[in-house]
Each structure stands twice: as C-alpha cells, then as structure tokens.
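Student: Shown below is the structure under consideration.
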Amino acid sequence: MDVHDGRRRVVIENVTPEIDAGRFPIKRVVGESVRVEADIFTDGHDALGAILLHRRAGESGWIETAMQPLVNDRWAATFSVDHFGRHEYTLEAWIDHFESWRRDLKKRIDARQNEELAVQMLIGADLIEEASGRAAPPEQRALRAAAAALRDSSDLSIRLEQALGEELEATMRRHADRSLATRYPRNLGVVVDRERARFSSWYELFPRSTSTVRGGHGTFRDVIERLPYVASMGFDVLYLPPIHPIGVSFRKGRNNALVAEQGDPGSPWAIGSVEGGHTSIHPQLGTMDEFQALIGEARRQGLEIALDIAFQVSPDHPWVREHPSWFRQRPDGTIQYAENPPKKYQDIYPLNFDSPDWQALWRELRDVFLFWAANGVRIFRVDNPHTKAFSFWEWAIGEIKEQYPDAIFLAEAFTRPKVMYYLAKLGFTQSYTYFAWRDQKWELTEYFTELTGSDVREYFRPNAWPNTPDILTEALQHGGRPAFMARHVLAATLCANYGIYGPAYELQEHLPRESGSEEYLGSEKYEIREWNLDDRASLRDFITRVNRIRNQNRALHSDWSLRFHPTTNEHLICYSKATGERDNVVLVVVNLDPYHRQSGEVDLDLRELGVDGDRPFQVHDLLTGGRYLWHGSRNYVELDPWSVPAHLFVVRRRVLSEESFEYYA
C-alpha cells in the first residue's frame, strides 16, 4: 500500500503561474503582485478550504492568503512582493467539514426538514468544540460557548442564528481542521527585481567616439561631458560596449577588413592584451578612478551605467597564456578562432566550456561580474550568451544575485526562440527581441501578443531595439526619417524596456557596408567616429518627446496590458496600454509605410480603454498636441509619415459636452 495517507482527498493541479513544473521561477519587480490560480477539487460534495502560502526564500514561516473559488473548481488568490530577491509560494487545501455542515444545514432549513435540525445542532456543536482545541484564548472560549449554545435544547431559532452567524463562520475558518490537508508538492519560485528591470530606456554609445578633439580617442572624462546630452533625451541607462584593452594580433581594420592599417583601433569585442583582460580598462579610456567618477556623475544625472560583458578573448588575452586548456586546440597546435562559416573572426578566440578545467573557468567568469559589481556596475548586457553553457548561466547569475540582488542582466541572444526563452528562464532579467526585423502589421501583432499575452511573459522580459552596432535593418536603410521616427515610437511603446544605438539613431545613420548587408558603412565597431550632435536633421527633440511621454504615463511602464485593435488599413497599426485602474490609458496608432500618407478607421475595444460606448471621449495626441472628440468604437485617422508618422494618444474619458470641447489641429 502507498505510504501516503489516503485520507488526504483533495486534488490540486493546473497551478498557474508555474514554469516547467516548477523547474524555473517566474519574474516580478518590487511592488507587483502574483495572482495564483489552481484547479482544486475532491470526490463527493464536501466543501473545501484553500490557502496560498508565500514567503521570502530562506524564511521559515509562511504568510497565508485565503483562496477564493471562481468557477469550475478553479480557485485564485494574490500576493504582493515588496522586497527584491527570491520568493516562493505553494498551495494547501482541505475538506472543510464545518462549512459542509453549515451549507447542508441551510438546505435542510430551506427544505423544511425540521425533524433533522436537532441532531444537526449536535453535530455542529461537536465540530465547534473540536475547533476550540485548535484555538487560543479568547477565541477558544468563544467557540466553546458557541458549542454549548448549539447543544441547548431551548429556542431553536436562537440556535440556528448562532450556527449561521458570520462571526462564527469566520472564526471556524481561521481554525479549520487542516490535519489532512493536501499540500502542493512543489514550492514555486519568484525572482523579484527592482523596477528598472521592468521599465528602462537604454542609450548605447562608444566611449572612444566621444572626444571633442578631431581624430582623438575619447575618454571617460569625455563621456562625462556627454552625459547631459543623453540625460536630456530622457534615457535612464547608458550602455557602454566593452571598455577593456583590445588585442593587436589579427586586429581587424575599418569595415571589418582582415588587415588593420596603422592607427586602426580594433574591435572592442576582441578583448585582452598585454595591458590586461576582462577586469582591466583600455588605457586610452582612463583609469578605474575615472570610471568610478563616470558612474557617480551618471547617477547624479539620473543615468545608470550598463557594461558589456563579452566572454571571448583576443589572442593576446592573458588567459590564453595562463589557461590554454580553456580554449580549443587544433591538430596543428594552434587555437581555434571564432567562426560562423563562411565568416571568420581571427581576432577572437571563443572559450571552451567542455574544458577539463571547466570549474576554474566558471569561477573566473563569475568573478568578472563580481569585480565590476563591486566597482559600482549593476546592469550587464551579456554578449552572445547562447554560445556559452546554459548551466553556467544558471549557476553564475544565481551566485551573483546572492551578493547583488539588484543586478540586471540583458541577454543579447538573437537566436532561435526556444533558446532565447530558455536563457530567460535560467535567470536573464531582460532579453533582446526580433523587433528589429518585424516590419509588417501582422508580424508585430503576432509577435508581441506572444510576448505579452502568453505564459512567456512570466519569465521573458522583452527589450526592443530598432538598431544596434550589428544591425542596420533594411527598413532603416531605405525608409528615411519617417522610418526612424516610426520605429522609435514602436519600440518605445510596444515595450516598457527599449534602447537605441546612438548617435547613429538620432542622426539617422543608414548606409550599409554593401548591398544586402546589415553592417554599417564605417562601422563604429572598427573605427572611431565623429558625430555632429548639433545636426539640424537630428531626431533628438523627437526622441526626447517620446521618452517624456513614456516617463509621464504609467501605462507605458509595463507590457502586460498591451492590446491590439483592428484597423481598416494594413499600413496602420493600433494598440493600447492601460493601468489596472484605467486611470491612465495610452492609445498608439502608427503608419508603417514610410513613403505614403495612410488613412483608415480604427476599431477600438472600448472596454479595454475603459470608455463608455454611449458617450463621446477625447483623445489627446501627446506628440503634436492635437485633441479630437471621438464617438463609439470606429474612428478615422490619417498619418503623413513625413510630418509625424504616429499618434500617441492619451484617452480622456470625461468630456462635459461637445460644445465645450476645443479642437486643435
């Protein structure tokens, strides 16, 4: 016979959220809630009680929250997470004999089965007396008094009033007999991050291209001078590509030329030289003290520094000499350089995660993160994590967050969907997406519905980038200024986390190295660039306006409320986001055609917008200042891409009258 107690008759199954049978935690940020649902039932017709148990990881006691029945044996409860770090939750359910008795007593009264009531009073008294043994004074005394009242043979109406009283019901619920309760067999995890994990605006720049001296190599001091420019546009994360020494051997030249010319600076991702490796700073950028000064000044201006961590090395990296077993050796005695046939990267050696010395390798890589975290960095953009061992990431991120629970990890993994999702499950806080290549309305709708409307959202936080130093899409190559504006609005409003590679973006850098390539002509990865930040064609003001709108509208601070609305023109995409209370509702319409004016009707789900379909409502375009009075679900829009290719409306539901409404062009 099975050793478990067969009297535990309650079944708990289909718990949500639960990732891969509890193998991985879900994600939240401080202040958010977790709504837990489950199918809970038993044989027969007994009433049930159920609770949600939750606590911070490592604590011994549980906080209990009563679950409420929904329909079809589905139960639900919600708890909030107020501290970052790891939390856990589980469920417990039991047969509630008192509630079963109380429910059936009401039925007997309704059926006028008065001959049964006397004995039912005695049954109820026994249940209450038993519960008193689980209670402490003064509730123990109250329960014993209630049991005595039910045994009293005097006025039956008084006994019934006592039995069916709400106060007794609440007290009995608190002291229910849970000795045969079913406990869900798994404790499910929640990783709780700070708010920037959910809402952030990233700006990427190359420090070496910030010098104010023509032809000069930029420094951390130059980056400090650039901070007001970045902060003024409303960004809150300044992301720096690798700041380490760059190798000389097989250094790439401009436009990824196989042979570098005199003075070519090389790629920052070819990390390591005689001057050091992953915990060293390129000497032309400055010193550690100057880097610390950059972090401090950035913080004072509302910015946080994110650092690129790329686990690959140049042939000159100290690890190559000190730990040759960390690299793949070819039969001719040389080390295997990075390849993605037919592409060759002779200036980079990949690490060998099959190395017999893998444990030492893991510790060294973890310690790179810990070094920079100890020096004030809490946000890491991780280069190509999908080419490193999955198990390493789960271990390393767990180790790092034990010491620095506020650390944020962005996965730069433009790879297959299942791999991207698995990396997120393993611990990456945010993830790059396929947004850059999603141009059509159906593509955007399908993709972002998956990211925000399925269980993927429990662990995968998207971060949308319209461009990167590696990605100059066809849309940006040929779409001109309208494409840059439209793609920026889409990235900044579809995703609560987004970023741009600048100044290439605001200056609309669009020339590819050659036809069919997504590489920039004159790529900043291989040369120092000079940027004219005062160019009159710059999108700086437009980007600033969009970021201001993001920062001022809480609806855009998260992704789960994203809803798409049909349009009569496939070149127009319409979607909304709203706070839970619908006190802030943002409606976005974007012209996806960068060449032509497009018009049509949007067909709004008014319930999602919190709008009464029988009354007019106002939409206020925060991009242009225009205000429009709309009626019902279908309304006309028209967008000229060369003016502003998008409406970014805030929905205002209170309009006194059409006569008092003022229209603006």
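The values are calculated or read from the model by the stated rules, or taken from the named source; none is laboratory data. Everything quoted here is computed from the prediction, not taken from an experiment. Cβ: placed from backbone, ideal geometry, glycine included. Neighbour counts: every protein chain shown. Keep in mind that these areas ignore ligands, DNA and RNA; they rest on the heavy atoms of the full protein, side chains included. Shrake-Rupley method; radii C 1.70, N 1.55, O 1.52, S 1.80 Å.
Student: Of the heavy-atom accessible surface of the stretch 293-379 (probe 1.4 angstrom), what whole percent is carbon and sulfur?
Tutor: For the stretch 293-379, the apolar C and S fraction of the accessible surface comes to 49 percent.
Student: Extending each Cα 7 Å along its Cβ direction at T568 and M288, get the distance between those two points in nm, one decimal.
Tutor: Here the answer is 6.6 nm between the modelled labels.
Student: Further, regarding this structure: Starting from the eigenvalues of the Cα gyration tensor, five times each then square-rooted, give me the equivalent ellipsoid semi-axes of the stretch 401-458, largest first, whole Å.
Tutor: The equivalent ellipsoid of the stretch 401-458 has semi-axes of 25, 12, 10 Å.
Student: Just the accessible area per residue of the stretch 156-225, please: how many Å² with a 1.4 Å probe?
Tutor: Ligands and nucleic acids excluded, the result is 48 Å² per residue.
Student: Which one, S391, A374, N553, projects farthest toward the positive side of the charge dipole computed for the chain from Cβ point charges (K/R +1, D/E -1)?
Tutor: After comparing all options, I get A374.
Student: Turning to a different aspect of this structure: Roughly how tilted is helix 417-426, in degrees to the nearest 10 and between 0 and 90, from the longest Cα axis of the chain?
Tutor: 70
Student: Here's something else I'd like to know. What whole-number value in Å² describes the accessible area per residue of the stretch 381-490 for a 1.4 Å probe?
Tutor: Here the residues of the stretch 381-490 average 33 Å² of exposed surface.
Student: Mind putting a number on the dipole of the stretch 216-314 about its Cα centre? Charges go on the C-beta only, +1 for Lys and Arg and -1 for Asp and Glu, and I need it in Debye to the nearest 20.
Tutor: 180
Student: So how far apart, in nm, are the two label points at N375 and S643 if each is 7 Å from Cα heading toward Cβ?
Tutor: That separation, rounded to one decimal, is 5.2 nm.
Student: If you don't mind, there's one more thing I want to ask. Quote the charge dipole size of the chain about the Cα centre in Debye, to the nearest 20; the model charges only the Cβ of Lys and Arg (+1) and of Asp and Glu (-1).
Tutor: 480
Student: Normalised by the residues of the chain, what does the relative contact order come to in percent, with Cα pairs under 8 Å and at least six apart?
Tutor: 10
Student: Report the FRET efficiency, 1/(1 + (r/R0)^6), for I335 and H596, where r is their Cβ-Cβ distance and R0 is 51 Å, rounded to 0.05.
Tutor: Computed FRET efficiency for I335 and H596: 0.40.
Student: Taking the convex hull of the Cα atoms, report for the chain its projected area averaged over all directions, in nm².
Tutor: Dividing the Cα hull surface by four gives the mean projection, 39.9 nm².
Student: Which value, in debye to the nearest 20, describes the size of the charge dipole of the stretch 1-55 about its Cα centre when Lys and Arg Cβ atoms bear +1, Asp and Glu Cβ atoms bear -1, and nothing else is charged?
Tutor: Result for the stretch 1-55 is approximately 320 debye, rounded to the nearest 20.
Student: Given a 1.4 angstrom probe, what's the average accessible area per residue across the stretch 530-665, in square angstrom?
Tutor: Per-residue accessible area for the stretch 530-665 comes out at 50 Å².
Student: Given a cut-off of 23 Å, name the pairs among K252/K344; K343/K425; K27/K401; K252/K418; K343/K388 whose C-alpha atoms lie farther apart than that in the structure shown.
Tutor: K343/K425; K252/K418
Student: Tell me, what is the 1.4 Å probe accessible area of Y404, in Å² to the nearest 10?
Tutor: For Y404, the solvent-accessible surface is approximately 40 Å².
Student: Put +1 on the Cβ of every Lys and Arg and -1 on every Asp and Glu Cβ in the stretch 80-164; which of A163, L127, F84 then has its Cα farthest towards the positive end of the dipole?
Tutor: Comparing the listed Cα positions along the dipole, A163 ranks first.
Student: Angle between the Cα long axis of helix 480-494 and the longest principal axis of the chain, 0 to 90 degrees, nearest 10?
Tutor: 30
Student: For A145 and A537, compute 0.36 nm times the residue count separating them, minus their Cα-Cα distance, and round to one decimal in nm.
Tutor: Contour length minus Cα-Cα distance gives 132.8 nm.
Student: Shifting gears a bit: Could you calculate the FRET efficiency of E581 with A66 from 1/(1 + (r/R0)^6), where r is the beta carbon distance between them and R0 is 22 Å, rounded to 0.05?
Tutor: 0.40
Student: Taking the 0 to 90 degree range and rounding to the nearest ten, how far is the long axis of helix 390-403 tilted relative to the main principal axis of the chain, both from C-alpha atoms?
Tutor: The angle comes out at about 80 degrees.
Student: Let me ask another. Shape of the stretch 392-495 from its Cα gyration tensor (a ≥ b ≥ c, root eigenvalues): rounded if a/c is under 1.5, otherwise prolate when a/b > b/c, or oblate?
Tutor: Note, shape of the stretch 392-495 comes out prolate.
Student: Between S249 and R23, what is the FRET efficiency for a Förster distance of 56 Å, r being their Cβ-Cβ separation, to the nearest 0.05?
Tutor: Once rounded, the FRET efficiency stands at 0.85.
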